[in-house]
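The values are calculated or read from the model by the stated rules, or taken from the named source; none is laboratory data. Keep in mind that this is a model prediction, so the values were computed, not measured. Reconstructed Cβ throughout: ideal geometry from the backbone, glycine too, with neighbour counts over all protein chains shown. Accessible surface is based on the protein model in full, side chains and every heavy atom, while ligands, DNA and RNA are left aside. Shrake-Rupley method; radii C 1.70, N 1.55, O 1.52, S 1.80 Å.
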Amino acid sequence: MTVVAVDREGYAWVGMTSGVVVIDPATARAREVPAMKGTSVLSLLEDVEGNHWIGTESSGLHILRRPLFRGVPALAESPTTAVVQTKDGAMWIGTRDNGLYRIRDGVVDQPVASRSLTSAVILCLQPAPDGGLWVGTPDGLNKVTATNAVRRITTLNGLPDDYIRSLAVSTDGSLWVGTQHGLDHIQGEQHRVFTSIDGLGGDLIGAILADATTRGSAPAVWVATSGGLSRIAEDGAVRTFTKADGLTSLIVTALARDNAGRLWAANRDGAIAVFDEQRFLTLFTMNPRSSEERTIQSLTFDHKGSLWVHMDRGIDRIRAVQIDRCLQHSPCALQSEWLTSYGRADGLHNDEAVATAMGLPWLTPQGELWFPTRAGVAIADIANLREDNKGPPVAIEQVLVDDTPVDVQNHVPEIPYGHRRISIEYAGLDFVSPSSVHYRCRLVDFDRDWQMVGNRRSVTYTNLSPGLYTFHVQARTTDGNWGAAETTIQLRILRPFYRHWWFVALIAVLVCAFLGGIYLLRLRVLHQRFNAVLAERNRMAREIHDTLTQDFVSTCLQLDIVAQQLKRGQVEKAIEQVQRARRYVTEGLAEARQSIWELRTSNTREPLPNQLAHLTERETFASIRPHLDVQGSYRPLSPRAEREILRLANEALVNIVRHANSREAKLTLTYSADALMLTVEDRGTGFDMEDAANKEGHFGLMGMKERASVMDGNLEVTSIVGQGTTVRLRVPLDALSEQRGPR
């Protein structure tokens with residue numbers, strides 16, 4: 001002996017130089033572990049999952065795990081169809097080709113010869129109350145007594161058909177036999193046959209459940225037929241339930257009673273329903289593992305209230321707590337975490353049922369559930385079923401961004417925006433049966449709830465928005481629950497430059513600036529239009545002042561002279577003055593027409609010096625005898641500029657006539673290299689500049705200054721009382737060019 005260890009169940013494990021021996025604390029019997037025979041053992045350890053690790057001297061490290069399912073080696077090659085237990089505790093196994101086998105005290109034998117039965121093909125079994133065994137075959141019914149004697153029952157004895165599909169025994173000892181052509185109720189030697197004529201849904205009989213009760217009702221027999229599920233009461237009354245009563249299909253493939261006495265029925269489409277005294281209520285539907293549809297062969301409730309579902313391919317278990325939840329909130333979608341599916345990792349060598357048989361499992365008082373399969377029997381040790389509530393820990397193996405690994409161990413990875421695919425690979429640290437580990441994951445701020453991914457060890461996300469994400473993953477074993485512990489990692493998807501606050505602020509500023517610029521430009525255009533309208537109004541006011549007003553004033557003066565001459569009787573002189581006044585009016589009209597014409601066209605009649613010469617020759621200014629002096633080389637100006645200069649000169653001469661009391665005036669027009677200068681001088685009385693500026697109702701000086709500003713010119717007026725007045729205008733020639741013209 002090299003080492004001794006006691007496991008959680010009190011078994012003593014003794015390591016020796018020749019193997020391992022396990023001592024049962026109840027019986028003190030020792031049994032050798034065959035797998036370690038002849039091996040020198042150095043150390044023993046039981047982990048948290050109940051697995052035994054054995055360190056050896058020459059063959060390394062071994063792990064021993066008690067599988068949930070075990071088989072019977074002697075029957076490993078025999079497709080089994082039915083399993084029952086008789087009153088003496090013996091297990092009877094019906095096979096597809098080799099008749100009956102019996103297992104008692106661990107010994108497998110064939111106490112009943114196959115040739116003594118109606119057929120070696122066993123379709124169904126049912127223990128008899130007297131310790132015997134009922135055996136259904138394709139060629140008739142057999143009664144095997146406690147002494148292994150066989151009595152055959154066929155259509156010659158009253159059966160409606162020899163093909164026996166199902167059997168059920170009532171508490172009164174009577175037998176219900178399902179055949180292809182009706183249901184036979186055998187009491188002693190009496191046969192009563194029920195068919196569709198008697199109210200059954202159909203003559204083809206499937207599963208039978210005897211003495212099934214509901215709350216407040218007497219025991220009844222439930223029979224699955226080809227036309228619905230029929231119930232036969234104690235008085236023989238028959239009622240058939242169909243789709244109108246809640247069944248999703250007329251074909252019911254399995255029947256069962258739970259620990260509370262409720263009736264459960266499985267339909268051919270995989271729906272599982274419970275009977276609520278009046279109708280059937282579908283709680284959930286079994287989801288197929290693949291695209292192929294699976295048919296439920298049997299339903300069995302264990303002593304813990306869990307539901308075992310044996311299908312034509314697969315064995316699943318639904319936990320009692322989930323069934324109770326569905327009963328309270330029906331119907332409910334069957335979640336993958338509620339369902340435990342068993343496979344080879346759990347010791348199940350074959351999970352397929354034989355197609356020609358009902359394939360009913362058997363629950364023993366010892367807490368074992370025996371399933372018939374195509375490779376012998378599969379025995380589930382339900383009493384020692386491991387309920388792992390923690391679940392194995394999960395390790396994040398790697399994170400791939402567009403198939404490129406990134407480091408997530410030491411920091412939160414920052415992933416630039418634009419990567420299309422992020423894959424996260426993980427693994428549950430269950431070293432006994434890694435393939436049976438199931439996972440669920442959740443990406444916070446992306447997934448609303450946990451996503452069930454089965455045994456898939458990676459998950460992929462595409463087109464994630466910028467932000468910080470936390471990935472959670474949990475694992476559970478086949479027998480376990482989702483653990484409270486979970487593994488998390490964080491990922492950060494960076495924002496593109498156009499989704500940062502500063503870029504949004506910049507765009508907002510640019511938009512505001514653009515809109516502000518458009519607004520200011522609009523204001524500028526409106527301001528320019530207003531200035532243009534105002535300038536035109538001022539120009540027209542000046543035109544009226546310098547043309548019509550002056551002519552009207554001259555006409556008024558002439559008319560005053562005419563009036564005085566008429567008073568004196570000087571008629572001829574008066575007529576002469578009237579003709580002169582008429583000429584002034586004619587000239588005024590010509591000036592008005594010229595102004596209107598200049599509004600429509602930019603053409604001018606004569607150069608500026610000639611127009612000034614004509615101005616000085618007007619009789620209006622005959623009293624001051626204006627003298628014109630032109631200096632420098634003549635340069636053509638824009639018609640509008642010449643008109644403004646001519647009007648300014650006219651206004652200056654009119655002021656001399658009106659106010660200066662001068663007998664002469666001089667006009668000097670000078671063309672220099674860069675400017676044009678006009679000087680108007682008189683030797684009259686002069687005036688006070690401050691008094692003239694404050695005088696109301698006189699706009700001559702104001703109009704002259706406005707004309708000068710229009711041409712970007714400079715106007716200077718100097719006057720000395722008693723010595724005369726000088727008006728000087730200086731305008732840059734580039735402001736008076738024909739292309740540009742005055743503003």
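Observations on the model:
- Order of exposure, largest accessible area first, which applies to Tyr634, Tyr519, Tyr439 with probe 1.4 Å: Tyr519, Tyr634, Tyr439
- Amide H contacts of Ile415 (H built 1.01 Å from N, in plane; Pro and chain starts excluded): Arg492, Ile493, Leu494 sit under 5 Å, all sequence-distant by 5 or more or on other chains.
- Dipole magnitude (debye, nearest 20) for the range 1-131, charges at Cβ of Lys, Arg, Asp, Glu: 320 debye
- Surface share of carbon and sulfur [accessible, 1.4 angstrom probe, percent] for the range 151-310: 45 percent
- Scattering curve values for the range 601-688, log₁₀ I(q)/I(0), Debye with Cα scatterers, q = 0.18 Å⁻¹: -0.78
- Quarter of the Cα convex hull surface for the range 147-189, i.e. its orientation-mean projected area (nm²): 3.5 nm²
- Protection proxy ranking, peptides 190-200, 405-415, average beta carbon neighbours within 10 Å, highest first: 190-200, 405-415
- Relative contact order [Cα under 8 Å, 6+ residues apart], the chain, whole percent: 6 percent
- Given charges at Cβ of Lys, Arg, Asp, Glu: the range 14-86 dipole, positive-most of Thr80, Val33, Ser43: Thr80
- Our summary gives the range 435-527 a relative contact order of 23 percent, counting only alpha carbon pairs under 8 angstrom and 6 or more residues apart.
- Extension gain from Val509 to Thr460, taking 0.36 nm per residue of separation minus the Cα-Cα distance: 13.6 nm
- The range 1-96 - Debye-derived log10 I(q)/I(0), Cα point model, q = 0.14 Å⁻¹: -0.67
- Ranked by the mean number of other Cβ atoms within 10 Å per residue, highest first, peptides 96-102, 264-270 order as 264-270, 96-102.
- With each label modelled as a point 7 angstrom along the Cα→C-beta vector, the Ser435-Arg492 pair spans 4.3 nm.
- Taking amide H atoms as placed 1.01 Å from N in the peptide plane, the amide H of Ala675 lies under 5 Å from those of Leu733, each 5 or more residues away in sequence or on another chain.
- Over the range 342-481, the alpha carbon radius of gyration divided by the compact-protein estimate 2.2 N^0.38 Å works out to 1.43.
- Taking the longest Cα principal axis of the chain as reference, the axis of helix 700-710 is set at about 50 degrees.
- Rounded FRET efficiency, nearest 0.05, which uses the C-beta distance separating Asp688 from Leu557 and R0 of 22 Å: 0.35
- Options Ile315, Ser114, Val657, ranked by Cα towards positive dipole end of the chain, top entry (Cβ charges): Val657
- Charged side chains reduced to their Cβ positions (Lys and Arg at +1, Asp and Glu at -1) give the chain a dipole of some 2540 debye around its Cα centre.
- C-alpha center-to-center spacing [the range 294-324, the range 716-736] in angstrom: 119 Å
- Peptide packing: for 124-135, 488-499, the average count of neighbouring Cβ atoms within 10 Å per residue gives the ranking 124-135, 488-499, highest mean first.
- Relative to the longest principal axis of the Cα atoms of the chain, the long axis of helix 550-568 lies at roughly 30 degrees.
- Calculated mean residue ellipticity at 222 nm for the chain: -6500 deg cm²/dmol, from DSSP H runs with n ≥ 4 weighted as -39500 (n - 2.57), summed, divided by the residue count and rounded to 500.
- DSSP beta bridges in the chain [antiparallel fraction, %, rounded to 5]: 95 percent
- Remark on Ser226: its backbone amide H falls under 5 Å from those of Gly202, Asp203, Leu204, a criterion applied only to residues 5 or more positions apart or on other chains, H modelled at 1.01 Å from N.
- P(r) tail for the chain: Cα pairs beyond 37 Å make up 65% of the total.
- Within the accessible area of the range 34-131 (1.4 Å probe), percent carbon and sulfur: 51 percent
- Whole-Hz Karplus values for the range 636-641 come out as x, 10, 5, x, 5, 5 Hz, taken residue by residue from phi with 6.51 cos²θ - 1.76 cosθ + 1.60 and θ = phi - 60°; glycine and proline positions read x.
- Note on exposure: Glu644, Glu572, Glu397 ranked by accessible area (1.4 Å probe, complete protein assembly) read Glu572, Glu397, Glu644, with the most exposed listed first.
- Rough spin-label spacing in nm, given labels placed 7 Å along Cα→Cβ, for Ala613 and Arg522: 5.6 nm
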